[in-house]
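Here the structure comes first, spelled out in structure tokens, and everything after it is commentary.
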Amino acid sequence: MLLRTAILSKGICRESKLVPIVYGTFFTPFGDDAILTSLMIHKVTIRNLLFIAMLAVVFGLGYRLWDRRTEPAPETVVDSLPANADLSLQDIQYTETSEGVRRWTLTAKSGAYEAGQGKSAVQDMRLEFFDKQGQEQMVLTADQGVWLSETGEIEAQGNVVAKTTEGYTLYTEQLAYSSETDQITTHQAVRVKKDSIDLFAHGMRYELKDRRLTLNSQVRVLFMHGIGN
């Protein structure tokens with residue numbers, strides 16, 4: 001049996017197993033070959049661990065790159081906005097109230113809001129007006145419109161059609177609503193139809209509060225008689 005001075009910190013090989021040892025002097029029945037074998041196994045074990053660690057790092061990095069590649073690209077909202085718009089909206093609905101009673105409701109398929117001017121340009125609009133009891137009084141539709149939120153003014157443009165609960169239907173290309181006066185006006189040609197009567201004029205004013213219609217100028221009346229009368 002040989003006496004050896006140990007400078008190992010992990011252990012020696014005994015019957016193909018690692019046996020922990022401490023710094024100091026120990027006896028081994030296997031001689032120098034056993035110590036050499038222990039050193040070789042110790043080096044191989046560390047090498048294997050380092051190799052496994054490197055594989056884990058490479059695999060983790062590759063997975064992260066693949067995962068980021070498969071993520072859908074974020075939608076670009078800003079690019080779809082009009083150049084002069086601060087906010088683009090879809091399916092708009094806004095109701096103006098006074099003392100808890102509805103005055104009007106604006107709905108539109110889409111719109112662009114400009115904060116600097118307090119202006120909203122809307123498309124495919126519908127404007128409903130209500131009387132002082134909150135009952136529907138008039139429904140107006142148009143291709144497009146402009147709403148000034150600070151003044152409460154609304155302008156409808158393109159294929160404007162307004163129908164009242166009294167049975168009147170108004171046709172024109174432009175109508176303007178004033179929140180201050182609670183009136184609807186136009187300076188363009190207008191056609192007003194009720195039952196068998198057609199009225200044609202240039203410019204008109206409709207007072208929502210009093211339900212009164214005034215035709216401005218160049219007024220013509222056409223009576224439509226039914227067949228056989």
Inset, instruction - Quick one: net charge around Ser179, please, counting Lys, Arg +1 and Asp, Glu -1 for every other residue with C-beta under 11 Å from its C-beta. - result: -4
Inset, instruction - Using only the alpha carbons of the stretch 126-212, determine the length spanned along each of the three principal axes and report them from longest to shortest in whole angstroms. - result: 40, 29, 19
Legend entry - Stretchable slack from His202 to Val101, in nm (0.36 nm times residue separation minus alpha-carbon distance): 33.0 nm
Inset, instruction - Could I have the simple spin-label model distance between Asp91 and Thr214, label points 7 Å from Cα toward Cβ, reported in nm to one decimal? - result: 4.2 nm
Inset, instruction - Please identify every one of the GluC sites (Glu not before Pro) in the stretch 118-151 that sits in a loop by DSSP and has no more than 16 other beta carbons within 10 Å of its own beta carbon. - result: Glu150
Legend entry - Radius 12 Å from Cβ of Val161, net charge of other residues (Lys, Arg +1; Asp, Glu -1): +2
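Throughout, read-outs are computed from the coordinates displayed, never taken from laboratory work. Predicted model, so just to flag it, every value in this text is computed and none were measured. Reconstructed Cβ throughout: ideal geometry from the backbone, glycine too, with neighbour counts over all protein chains shown.
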